[in-house]
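**Student:** Below: one structure in structure tokens.
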Amino acid sequence: MELDRRSMLKILGGGAVTGFLQTWTKQNRGYADVATSSDPSLDPLRPEYHLLPQHNWMNDPNGPIWWKGKYHLFYQLNPHAAVWGDMHWGHATSADMVHWHHEPVALAPTPGGPDSEGCFSGSAVVMDGVPTFIYTGVQNAPPNLVTIRDGNDKLHETQLLATAEDDSLLRWKKLPEPVIAAPPEGMVVTGFRDPCPWREGDTWYMGVGSGERVKGGCVLLYRSLDLRHWEYLHKLAEGKPNGKVAANPCDSGEMWECPDFFKLDGRHCLLYSTEDKVIWTTGDYDTKEHRYTAKREGILDHGAYYAPKSFLAPDGRRILWGWIRETRPEREFAAAGWSGAMALPRVLTIGSKGQLQINPAVEVEKLRGSVEHVTLKANQPYQIKLDTLRRELNLAIALSKGISTVRLLSSGKKVWEITIDVSGNIVRCGEKEFPLPSLPWPRPNLRMFLDGSIIESFIGGREAITSRVYDLKPGATQLEIGLTGEHSGTLSHWPLNAISTDRLTT
Ligand code: DQQ
């Protein structure tokens, strides 16, 4: 049996990847034409304080949960190569969401089972004291049963359940049969995956990412008393296609992936991923009718960030994990032997007007070395020579006027830049431009985290952009911070510690 990996890669978790595509043969799980020559532990572009598996490919965060004193984070993993395929659930544990220990694979496809072609994304909840996964399994199916409609018509998605067999969450027992075996009767879906359950009193509700051609992407809403028997209710939310004609329904907005729905600060928040980006909405949820009305929306991250998933920390914070994807060609990341990383934990809150607020969790500050505070003067750029590619920077932004710029130079050449133009009301970063958050800002600053080839930037506690930069060299890199216009400013910056001695994050 053969899967066409080209279309799978494009549709599920590899949207931005082009070139160097091969047919992946399930039978021998062979990746013969993917060269993985280099040693990831020696690669200066590999992040040193972001979580990623020791080798190979990762994408979406799955089933984050705090259980018996530990944070558990699962994620989409291809254990065979640094390219998308043969999805398993990788597993890492942490006491603080910053330092990680790699655990054995939590879920692997079962030959002949409903997840024989992959264990796709899903969630973890606790039912009657037992941690439980609900996730999407894919298997080959005849054309009348396929749910991934990309022109190749081969795969059927079902929603599956597995329960933890130990408190370390190392061993999982799968139910042999799906808990939802097919999309709602009469619906011709563009996809049917990534379940997100929540509880209201004694009843479980669950959203499943889906969509229909011409109508648009949506979240299907289900209800259950035991997580095993589900009744379809209606669409929790739906959108409109963007008008593009695309084989991949995620490109045309006709499929929403990885929905995440939760109560936050007295309102409700729905996140979903489509058209290569993550949309946030906040609004009202009618708990009698189970209808959600979005009132505000925006882009959760303007860069290489996709398929996030949140959970509740024991202190009540809503923490979001997200997949940072590669933006270089597949042949390059396949050769590097690693691909993708987990973004830093982000705390979500909702502002007084319903705006989503996004800030790195305070735990990240544990990584800091000695601080340096600098007073900046307009038109006098300040330079920091970087011996390592690990740095945090916090630049106060004067909200009256002026332009603040942070740029990275590699051997004197500009390789990345972000500009906060208060007078022009715009943020520019690479080819991306977006308006400044409206005032007042929860935090009047730009916070930036550099880690190897990753840069995560947070603006005003509201907007985020994740960048990838592949031409940095430790020892030959400089950060330059400049202000123009009539203002001076303050800057704090810290070298950040790696979370392991060998770049392998354990
Ligand atoms: N990635 C998973 C899917 C999901 C997609 C497959 C989003 O479950 O829809 O690896 O990146």
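The values are calculated or read from the model by the stated rules, or taken from the named source; none is laboratory data. Bear in mind that the values here come from a model prediction, so they are computed numbers and not experimental data. Every residue, glycine among them, receives a Cβ derived from its backbone with ideal geometry; neighbour counts consider all protein chains shown. Protein only, heavy atoms only, side chains kept; ligands, DNA and RNA dropped before computing areas. Shrake-Rupley method; radii C 1.70, N 1.55, O 1.52, S 1.80 Å.
**Student:** Scan the stretch 72-109 for residues that are within 15 Å of the ligand (Cβ to nearest atom) and assigned to a loop (DSSP other than H, G, I, E, B) and jot them down.
**Tutor:** If the condition is that a residue be within 15 Å of the ligand (Cβ to nearest atom) and assigned to a loop (DSSP other than H, G, I, E, B), then 79, 80, 81, 82, 83, 84, 85, 86, 87, 108, 109 are the ones that fit.
**Student:** Any idea how many residues of the stretch 395-412 are under 27 Å from residue 327 (Cβ atoms) and open to solvent by less than 40 Å² (accessible area, probe 1.4 Å)?
**Tutor:** Number of matching residues: 8.
**Student:** Here is a further query. Pairs please, first residue from the stretch 223-245 and touching a residue at least 60 places away in the same chain (Cβ under 8 Å), second anywhere and of a type in the set (Gly, Ala, Ser) and crowded, with 16+ Cβ neighbours inside 10 Å, Cβ atoms under 8 Å, 6+ apart in sequence or on different chains.
**Tutor:** From residues that are touching a residue at least 60 places away in the same chain (Cβ under 8 Å), the pairs are 230/224.
**Student:** Let me ask another. Out of all the residues in the stretch 434-448, is one or more surrounded by fewer than 20 Cβ atoms within 10 Å (Cβ to Cβ) and not in a loop (DSSP other than H, G, I, E, B)?
**Tutor:** Scanning the stretch 434-448 turns up at least one residue that is surrounded by fewer than 20 Cβ atoms within 10 Å (Cβ to Cβ) and not in a loop (DSSP other than H, G, I, E, B).
**Student:** Then there's this: Being of a type in the set (A, V, I, L, M) and at pLDDT below 95: is that true of residue 247 here?
**Tutor:** Criteria met by residue 247.
**Student:** Sticking with this structure for a sec: Among the listed residues 168, 210, identify the single one that is touching a Ser or Thr at 6+ places or on another chain (Cβ under 9 Å), within 16 Å of the ligand (Cβ to nearest atom) and at pLDDT 95 or above.
**Tutor:** The conditions single out 210.
**Student:** Would it be correct to say that residue 242 is farther than 19 Å from residue 124 by Cβ, open to solvent by 20 Å² or more (accessible area, probe 1.4 Å) and among the polar types (S, T, N, Q)?
**Tutor:** yes
**Student:** Check the stretch 470-491 and report whether any residue there is within 17 Å of residue 305 (Cβ to Cβ), surrounded by 20 or more Cβ atoms within 10 Å (Cβ to Cβ) and of a type in the set (Val, Ile, Thr).
**Tutor:** Checking the stretch 470-491: not a single residue is within 17 Å of residue 305 (Cβ to Cβ), surrounded by 20 or more Cβ atoms within 10 Å (Cβ to Cβ) and of a type in the set (Val, Ile, Thr).
**Student:** May I ask you to say which residue of 48, 103, 117 is of a type in the set (Asp, Glu) and under 30 Å from residue 184 (Cα atoms)?
**Tutor:** Every option except 117 fails the conditions.
**Student:** Filter the stretch 186-203 down to the residues that are over 23 Å from the mean Cα position of the chain (by Cα) and in contact (Cβ under 8 Å) with a residue 24 or more places away in the chain, then identify the one that is nearest to the ligand (Cβ to nearest atom).
**Tutor:** The selected residue is 189.
**Student:** Still on this structure, please answer the following. When you go through (1) surrounded by fewer than 23 Cβ atoms within 10 Å (Cβ to Cβ); (2) in a strand (DSSP E or B); (3) within 14 Å of the ligand (Cβ to nearest atom) one by one for residue 251, which number turns out not to apply?
**Tutor:** Just one mismatch for residue 251, condition (2).
**Student:** The conditions are (1) part of a loop (DSSP other than H, G, I, E, B); (2) aliphatic (A, V, I, L, M); (3) open to solvent by 20 Å² or more (accessible area, probe 1.4 Å), and residue 415 fails exactly one of them. Which is it?
**Tutor:** Evaluating residue 415 over (1) part of a loop (DSSP other than H, G, I, E, B); (2) aliphatic (A, V, I, L, M); (3) open to solvent by 20 Å² or more (accessible area, probe 1.4 Å) leaves (1) as the failure.
**Student:** Still on this structure, I have one more. Report whether or not residue 401 is within 28 Å of residue 98 (Cβ to Cβ) and either in contact (Cβ under 8 Å) with a residue 24 or more places away in the chain or touching a Gly at 6+ places or on another chain (Cβ under 8 Å) (or both).
**Tutor:** Considered against the rule, which asks whether it is within 28 Å of residue 98 (Cβ to Cβ) and either in contact (Cβ under 8 Å) with a residue 24 or more places away in the chain or touching a Gly at 6+ places or on another chain (Cβ under 8 Å) (or both), residue 401 comes out as no.
**Student:** Filter the stretch 153-167 down to the residues that are in contact (Cβ under 8 Å) with a residue 12 or more places away in the chain and open to solvent by less than 60 Å² (accessible area, probe 1.4 Å) and list them by number.
**Tutor:** Across the stretch 153-167, the qualifying residues are 155, 156, 157, 158, 159, 160, 161, 162, 163, 164.
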